[in-house]
1. In the stretch A:128-184, which residues are of a type in the set (Gly, Ala, Ser) and within 21 Å of residue B:39 (Cα to Cα)?
2. Considering the stretch A:107-138 alone, what residues qualify as being assigned to a loop (DSSP other than H, G, I, E, B) and either of a type in the set (D, E, K, R) or more than 9 Å from chain B (Cβ to nearest Cβ) (or both)?
3. Within the stretch A:92-106, is even one residue farther than 28 Å from residue B:106 by Cα and either assigned to a helix (DSSP H, G or I) or of a type in the set (Phe, Trp, Tyr) (or both)?
4. Look at the stretch A:28-50 and say how many of its residues are acidic (Asp, Glu), closer than 19 Å to residue A:96 by Cα and assigned to a strand (DSSP E or B).
5. Would you confirm whether or not the stretch B:45-62 contains a residue that is within 14 Å of chain A (Cβ to nearest Cβ) and either at pLDDT 95 or above or assigned to a strand (DSSP E or B) (or both)?
6. Taking the conditions exactly as written (of a type in the set (D, E, K, R), surrounded by fewer than 17 Cβ atoms within 10 Å (Cβ to Cβ) and in contact with a Gly (Cβ under 6 Å, 6 or more places away or on another chain)), does residue B:111 satisfy them or not?
7. When you go through B:33, B:42, B:28 one by one, which is the residue that is facing chain A (nearest Cβ under 8 Å) and either buried (at least 18 other Cβ atoms within 10 Å of the Cβ) or over 21 Å from residue A:143 (Cβ atoms) (or both)?
8. Within the stretch A:148-162, work out how many residues are more than 17 Å from residue A:183 (Cβ to Cβ) and surrounded by fewer than 16 Cβ atoms within 10 Å (Cβ to Cβ).
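The values are calculated or read from the model by the stated rules, or taken from the named source; none is laboratory data. As the structure is a computational prediction, the values presented were derived from the model and not from experiment. Every residue, glycine among them, receives a Cβ derived from its backbone with ideal geometry; neighbour counts consider all protein chains shown.
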Amino acid sequence: MVLIIQKGPILNEKQPILQSGKALKQPLEIIDFELKDQKNQVFTKNDFKNQFTLLFFGYTNCPDVCPSTIYKLSQMKKKISQDIPEATLEIVFITLDPERDTTDRLDEYMNFFDSTMIGLTGEISEIVKLSANLSVFFQRINKEDGYDFNHTASIFVINTEAQLGASLSPISSLEMLEEDIRTLVSK
Amino acid sequence: MIRKSLLFLGLLFFIPHSAISEIVVKNAWVRAAPAGSKAMAAYMFIDNQGPKKMSSSKIIANGFEKAEVHMIFISNNIAQMRKLENISIDGKESIALEPGGLHLMLINPNKVPKKNSKVEILMFFENENNAEVVRIEADVRSQEL
């Protein structure tokens, strides 16, 4: 079982005002890390630079929350990319289950839902390090026939400098998330 | 698995085509998932048109090892999935199984059903006076918001 609880970054609800979450007063530096994407290419902190990234953590055997979030983000990216073509927006999914979520599995998963998304896997130590940096909680729940995870389902907005700029609630409506992300990428 | 399929066919044979069904299921769908998935979620709207509370006692999904009732709880942005014993619906009430909340978890498919196919689900409901089996054909599709 992996349990991570860390005091969260300082949040400020005033600037900018978001409906679906909170923007950080001081953007949080992402720590150095090394994972692999679904094409088996190395992905590091530097790959967050020069675009906005919507980042979330999950696992491909998650039947409900993760695919719902992927669907929302995918729809939103299409709309925002059409309306603000200069705002480059990436969606990145980091697995909390590298044991089952190999690069091949992620490739299959991303192709099924949205082939433009980036799926990351790798050493559990790297995933733990990054999740601790972002105050992501995850806990493996063993069952008779496998295991699931309880996990933070927030959507993290990473700015063009590879810093965490905001954290959004996964249960927000598509409209609220879209408006907030438009606000953040237009800043 | 053959035994399980025969059981499913046998149960279908004995389903009463009653005009006094109390449980009515609408808009049933299964979220399409990539090959290799170990579990799929099913959603629907269930209406109890009878006067008394009905509870599910068994759920069978054809082509899956088992089906369970699960609920997602999100607190402080942490998603937790819990298995529930059953679905209970008060008389003249209805319940929605929706993404991010209550759903059926269809576990270990023989083969992951493709988008635009259908999954047959049998839901057994009962109370102290009545028992009923509802046969559902759920569409396998993507989520629509």
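1. A:146, A:153
2. Selection gives A:114, A:115, A:116, A:117, A:122, A:123, A:134, A:135, A:136.
3. No, the stretch A:92-106 contains no residue that is farther than 28 Å from residue B:106 by Cα and either assigned to a helix (DSSP H, G or I) or of a type in the set (Phe, Trp, Tyr) (or both).
4. 2
5. yes
6. no
7. Just a single option satisfies the conditions, and that option is B:33.
8. 1
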